[in-house]
Amino acid sequence: MKASQFFIATLKEAPADAEILSHRLMLRAGLIRRLAAGIYNYMPMGLRVIRKVEAIIREEMNRAGAIELLMPVVQPAELWQESGRFQQYGPELLRVKDRHERDFVIQPTSEEVITDIARQELRSYKQLPKNFYHIQTKFRDERRPRFGLMRGREFTMKDAYSFDRDPAAAVKSYEVMLSAYRAIFDRFGLRYRAVAADSGTIGGDLSQEFQVIADTGEDAIAYCPTSDYAANIELAEAVAPSKSRAAATQALTKTPTPGKSTCEDVAALLAVPLASTVKSLVLATDERNKAGDLLETTVWLLLVRGDHSLNEVKAGKVPGLKAGFRFATLAEIEDHFGCKPGYLGAVGTKKPVKVIADRAVVQMSDFIGGANVADFHFTGVNWGRDLPEPDFVADIRNVVAGDPSPDGKGVLAVQRGIEVGHVFYLGTKYSAAMNATYLDETGKPRLFEMGCYGIGVTRILGAAIEQNHDARGVIWPDAMAPFTLVLCPIGYDRSETVRAQADALHEQLGRIGIDVMLDDRGERPGAMFADWELIGVPHRVVISERGLKEGTVEYQGRRDAAATSMTVADVIAKFSAWRQQAPVVA
């Protein structure tokens, strides 16, 4: 490929609305262009990266025995109504009507459609197991699309769905996909972790995320450096303290804390450790009849240690909160506690509330909590003496670095990550809702056991850049780069010698299968180098008259601090060896 035949559209500055580094670099490098909020054109340079990502995914999915098909972007609402997700999914699901006023959705995922295919096409146990996948456009109507491709509304995703006879077979399919995903991300050349995760709105019992490690990641990952344990912080277990609760040594005292409404401020005022305070969070659950009328509201008080933070995913698994909860209104808080937030506590509530204490809190003694009176806190609070034991004790907090690892093999560390893949064991969640069955050996209908496996194809571009960049621009891993190698001839438009050698090398490299770009634009060296460093091509060869007189060219890897003189033969040999080692990507 020659630059004069391609389309290169680099920018010196990113648009003002580009919020994070990957978004800015993708715009500056000419990979994408914004069309509307959360919707982007994939420009030729960016599309080359996408196609390479897709090719790796296809090769490994096919190798794992998955079968590619293609499901539509527009799907009939009836299928989503069958599964119950037409209303449950919320406003992120874009609902549309056709000219006949029939309801459709712009699909964010395809569990319903693939389940419909399976119930029509997979009639016998003899046809199982099966795993279907497609790479397709998705749409999620994000309230606040941001960060470029990281949280856009329209995106490309690979989603796969396995169908099995029983749970044991389904787990085997899950493990096959887990291995395939590891192979995919290994080939991308990204640093990543596969971590235990919550299944969220997809549902299911077994779930792991693939997180690309990046300091700017939205997710926090807890892992043990001395073992294989790793989990999204939403799921990572905070192990119960091993020490039993100490006996009370302090009297319950109503202590003035004027204007100090946070645990941090109270601890500083009283000169005590933050870990001796308890923060109060108030939730509410609403019981409704079938018509949607409110029957009863229950107020819940959740207690976590002052130096810890509430984990809402874990809280949502506590009995009584599983059906859904919300944060209590100010009116509900004042009605039950007689006080505004900032001074709330479990001692002396105005009305009864359900109390859920974190594992760490229930082991505390002589702790500090709100007095339910403005500008006052109780010190010397003790379970049993000053307040009854909680209604529920549960792990409802986020783990922190230094916590014991749940596998007992060390302590936890925490790092940031960007979720780019997710595997789920769904069980019969969708097959039961949609009556998707096959006939077993006895001729009896049985529900399919299903798995679901997704990779955010376009999101991977943003994640890769967040992980791989420097002050000059993107640094693509070899497997994902739009071009493997760029030839930068100095004076291509002026020197016959340079032009002839550049053209010859370009042809030779192309013949051995190297994805090479020849910059024949006649740009000044500084501008030419800046463009390709911004775009992130991982290998560069500079051809100049001075070097050719000495029989050499200059090779430099994108991460290299300096160039290395090589003969043209050495360059051919280097990339011939590279080509033999690199997996073939169509």
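Summary of values
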{"item": "Filter result for the condition that a residue is crowded, with 21+ Cβ neighbours inside 10 Å, farther than 30 Å from P404 by Cα and aliphatic (A, V, I, L, M), over I221, I184", "result": "I184"}
{"item": "Subset of region 539-554 [more than 11 Å from Q501 (Cα to Cα) and assigned to a helix (DSSP H, G or I)]", "result": "R546, G547, K549"}
{"item": "Within region 560-580, considering residues that are over 40 Å from the mean Cα position of the chain (by Cα) and loosely packed, with under 14 Cβ neighbours inside 10 Å, the one nearest to E533 (Cα to Cα)", "result": "S565"}
{"item": "Matching residues, region 95-107, being assigned to a loop (DSSP other than H, G, I, E, B) and crowded, with 17+ Cβ neighbours inside 10 Å", "result": "Q107"}
{"item": "Any hit, region 276-292, residues being assigned to a loop (DSSP other than H, G, I, E, B) and modelled with pLDDT of 95 or more", "result": "no"}
{"item": "Pick from region 111-133, criterion without any contact (Cβ under 8 Å) to a residue 60 or more places away in the chain and either part of a helix (DSSP H, G or I) or in contact with a Pro (Cβ under 9 Å, 6 or more places away or on another chain) (or both), ranking: nearest to P145 (Cα to Cα)", "result": "V113"}
{"item": "Residue pairs meeting the criteria (Cβ under 9 Å; at least 6 apart or on separate chains; first of a type in the set (S, T, N, Q), in region 500-528; second assigned to a helix (DSSP H, G or I))", "result": "Q501/L548; Q501/V568; Q508/V568; Q508/V571; Q508/I572"}
{"item": "When residues of region 32-45 are limited to those that are crowded, with 21+ Cβ neighbours inside 10 Å and under 26 Å from E92 (Cα atoms), the one nearest to the chain's Cα centre (by Cα)", "result": "G38"}
{"item": "Residues satisfying the stated conditions in region 401-413, i.e. of a type outside the set (G, A, S) and buried (at least 17 other Cβ atoms within 10 Å of the Cβ)", "result": "D403, P404, P406, L412"}
{"item": "Elements of type strands (runs of 3 or more DSSP E) contained in region 217-260, each with 1 or more residues being under 30 Å from G421 (Cα atoms) and small (G, A, S)", "result": "219-223, 230-232"}
{"item": "Selection from region 422-467 of residues that are in contact with a strand residue (DSSP E or B) (Cβ under 7 Å, 6 or more places away or on another chain) and among the polar types (S, T, N, Q)", "result": "T428, S431, T437, T458, Q467"}
{"item": "Residues that are surrounded by 15 or more Cβ atoms within 10 Å (Cβ to Cβ), of a type in the set (S, T, Y) and closer than 17 Å to R305 by Cα, drawn from region 253-269", "result": "S261"}
{"item": "Filter result for the condition that a residue is at pLDDT 95 or above and either of a type in the set (F, W, Y) or part of a loop (DSSP other than H, G, I, E, B) (or both), over A463, A479", "result": "A479"}
{"item": "So G30, is it within 30 Å of W476 (Cβ to Cβ) and touching a Lys or Arg at 6+ places or on another chain (Cβ under 6 Å)", "result": "no"}
{"item": "Condition check for Q88: within 27 Å of A464 (Cα to Cα) and under 23 Å from the mean Cα position of the chain (by Cα)", "result": "no"}
{"item": "Test for R187: is it within 25 Å of R58 (Cα to Cα), assigned to a helix (DSSP H, G or I) and in contact with a helix residue (DSSP H, G or I) (Cβ under 8 Å, 6 or more places away or on another chain)", "result": "yes"}
{"item": "For F424: the one exception among (1) at pLDDT below 95; (2) not in a strand (DSSP E or B)", "result": "(2)"}
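A quick yes/no check of all residues on (1) touching a helix residue (DSSP H, G or I) at 6+ places or on another chain (Cβ under 7 Å); (2) modelled with pLDDT under 95:
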{"site": "A502", "(1), (2)": "no, no"}
{"site": "L518", "(1), (2)": "yes, no"}
{"site": "G522", "(1), (2)": "no, yes"}
{"site": "A530", "(1), (2)": "no, no"}
{"site": "P538", "(1), (2)": "no, no"}
{"site": "I543", "(1), (2)": "yes, no"}
{"site": "T552", "(1), (2)": "no, no"}
{"site": "R559", "(1), (2)": "no, no"}
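The rows are residues; the columns are (1) in a loop (DSSP other than H, G, I, E, B); (2) out of contact with any Leu (no Cβ under 6 Å at 6 or more places or on another chain); (3) among the charged types (D, E, K, R).
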| residue | (1), (2), (3) |
| --- | --- |
| Q556 | no, yes, no |
| A562 | yes, yes, no |
| V571 | no, yes, no |
| R579 | no, yes, yes |
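The values are calculated or read from the model by the stated rules, or taken from the named source; none is laboratory data. The structure displayed is predicted, hence computed values, not measured ones. Backbone-built Cβ (ideal geometry, glycine too); neighbour counts: all protein chains shown.
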